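Take a look at the structure below.
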Amino acid sequence: VSKKFALGKGLGALIPDDDLLESENSNSEAILKIDINLIKANEDQPRKYFDEQKIYELSQSIKDHGIIQPLILKKSGERYVIIAGERRWRAAKLAGINEVPAILMDLSNRDVMEISLIENIQRQDLNPIEEAKAFYRLIKEFKLTHEELSLRIGKSRTAITNTMRLMNLDERVQQYIIEGIISEGHGRVILSIENKDTQYNVAQKVIDEGLSVRALEKLIKSLQNEEKDRKEKEPLNPYYKDITEKLEGLFGTKVIINSKKNKGKIEIEYYSEDDLQRIIDIMKI
């Protein structure tokens with residue numbers, strides 16, 4: 001394919017150079033004109049949220065200048081599925097274009113998803129929640145490790161893991177991030193709250209009061225301190241009190257049992273590395 005079409009590094013990373021070279025040698029045959037009504041969106045496309053105003057602006061540009069970069073399509077029965085270029089397709093339909101330039105590729109479902117993800121990431125078209133869900137699908141469906149995915153899409157393993165953690169947010173909070181009402185930074189801070197309803201209430205407070213990420217951190221720390229004080233004031237169940245005393249006697253340090261319904265956690269305090277080693281020795285680990 002002629003370089004002036006700038007297909008992006010995503011395709012180059014997945015398609016052998018020989019294939020690209022072959023297309024360059026037969027450029028007139030590689031780019032086809034496809035009836036826009038025979039094209040359909042890819043249901044597995046990572047990007048789900050489209051800014052309607054930007055689609056409209058692109059449609060006006062297409063009216064004036066046409067579609068500069070062809071869509072990448074895959075044959076599906078009598079129709080075509082979009083691998084890359086859904087935004088251009090939507091804008092072209094809005095502009096009343098009947099045919100669009102396209103390149104057909106015969107790719108596996110895995111390659112299709114990887115290309116869609118990479119192209120969107122490189123153009124910064126995906127919001128953080130869409131990225132998180134796309135990462136999860138690639139890892140889950142195609143049995144990729146975080147390290148393998150990192151190499152394929154050019155993002156660090158840490159960045160992938162941190163982005164995927166956003167899926168632990170309440171769905172209403174995720175929607176706020178998708179719509180840009182709160183930032184990804186706000187979402188990461190809200191992750192420190194386990195209860196989904198509390199996550200939503202805090203996100204609502206961010207919106208209502210226009211809290212910055214820093215102000216949100218202070219708010220959550222204050223809420224956590226209040227919760228800790230409340231728990232310390234609550235009378236301890238006699239059974240847990242007895243266990244706590246026995247553990248404190250065993251380890252010679254403060255022990256806290258946090259119980260919630262049928263689950264909880266035991267916290268054993270230590271005050272230095274030597275103190276930690278002493279406790280480990282007692283536990284015979």
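Brief remarks on what is shown
- Unique match (being open to solvent by less than 60 Å² (accessible area, probe 1.4 Å), out of contact with any Lys or Arg (no Cβ under 7 Å at 6 or more places or on another chain) and not aromatic (Phe, Trp, Tyr)) among Gln224, Gln175, Gln199: Gln199
- Total residues in region 148-163, condition in a helix (DSSP H, G or I) and within 23 Å of Leu191 (Cβ to Cβ): 10
- Cross-chain or 6+ apart pairs with Cβ under 9 Å, region 265-285 first and closer than 14 Å to Val255 by Cα, then open to solvent by 100 Å² or more (accessible area, probe 1.4 Å) and in a helix (DSSP H, G or I): none
- Glu217 being in a loop (DSSP other than H, G, I, E, B), open to solvent by 80 Å² or more (accessible area, probe 1.4 Å) and modelled with pLDDT of 85 or more: no
- Residue check, Ile62 open to solvent by less than 60 Å² (accessible area, probe 1.4 Å) and modelled with pLDDT of 75 or more: yes
- Residues being in a loop (DSSP other than H, G, I, E, B) and open to solvent by less than 50 Å² (accessible area, probe 1.4 Å) - total across region 107-119: 1
Every residue, every condition in (1) in contact with a strand residue (DSSP E or B) (Cβ under 8 Å, 6 or more places away or on another chain); (2) within 18 Å of Ala132 (Cα to Cα); (3) touching a residue at least 60 places away in the same chain (Cβ under 8 Å); (4) of a type in the set (S, T, N, Q), yes or no:
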{"position": "Asp170", "(1), (2), (3), (4)": "no, yes, no, no"}
{"position": "Ser183", "(1), (2), (3), (4)": "no, yes, no, yes"}
{"position": "Leu191", "(1), (2), (3), (4)": "no, yes, no, no"}
{"position": "Asn195", "(1), (2), (3), (4)": "no, no, no, yes"}
{"position": "Gln204", "(1), (2), (3), (4)": "no, no, no, yes"}
{"position": "Ile207", "(1), (2), (3), (4)": "no, no, no, no"}
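- The residues listed here are Ile285, Ile193, Ile256, Ile207; of these, the one that is part of a loop (DSSP other than H, G, I, E, B), farther than 22 Å from Tyr136 by Cβ and aliphatic (A, V, I, L, M) is Ile285.
- If you filter region 65-106 down to residues that are part of a loop (DSSP other than H, G, I, E, B), buried (at least 17 other Cβ atoms within 10 Å of the Cβ) and under 29 Å from the mean Cα position of the chain (by Cα), you find that the one that is modelled with the highest pLDDT is Pro70.
The values are calculated or read from the model by the stated rules, or taken from the named source; none is laboratory data. No experiment lies behind these values; they were computed from the predicted model shown. Because the Cβ atoms are built from the backbone with ideal geometry, glycine has one as well, and the counts that use them run over all protein chains shown. Keep in mind that these areas ignore ligands, DNA and RNA; they rest on the heavy atoms of the full protein, side chains included. Shrake-Rupley method; radii C 1.70, N 1.55, O 1.52, S 1.80 Å.
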